[in-house]
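Worksheet for the structure shown next.
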Amino acid sequence: MLVTFSSLFSFSEVDTGGIDIPHFDKIVHFAFYFGMVVLGVLASREQLKQRFVLKKALLGVLVFAVLYGMIIEVLQYSITVDREGDILDVFANTFGALVGMFLVRWLVYRIWPLK
């Protein structure tokens, strides 16, 4: 919900206090989709307990995040007045999701005990 709201809501009237960081929106896209994948896999692990299969969870959450990011960009392009869909945002979303997937995979094989 936070990603959908943040992606489709207009922030044009919000005063940022003169903060001007180049490409800051790409960093935000990366962080949102990184968090989406990490939290999605952890939530899947918690919900599925004994039936949890890491590869399926990673693939499912990754595919969802990438497709969701593409759909949000299309919606920004087509239904919002002051937001623009951007292919570079799709790349930032995808990169964040991939890094999140690799981090979770690394955590599982390195830190979580194997059963």
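Odds and ends about this structure:
- Within region 63-85, tally of residues that are part of a loop (DSSP other than H, G, I, E, B) and either among the basic types (K, R) or touching a residue at least 60 places away in the same chain (Cβ under 8 Å) (or both): 4
- When Q50 is tested against (1) modelled with pLDDT of 95 or more; (2) surrounded by fewer than 14 Cβ atoms within 10 Å (Cβ to Cβ); (3) of a type outside the set (A, V, I, L, M, F, W, C), only condition (1) is not met.
- Unique match (being at pLDDT 90 or above, surrounded by 14 or more Cβ atoms within 10 Å (Cβ to Cβ) and under 17 Å from V108 (Cα atoms)) among V41, V66: V41
- For region 52-62, the set of residues classified as of a type outside the set (G, A, S) and part of a helix (DSSP H, G or I) consists of L54, K55, K56, L58, L59, V61, L62, listed by residue number.
The values are calculated or read from the model by the stated rules, or taken from the named source; none is laboratory data. Nothing here was measured: the structure is a model prediction, and the numbers come from that model. So basically every Cβ, Gly included, is an ideal-geometry build from the backbone, and we count neighbours across all protein chains shown.
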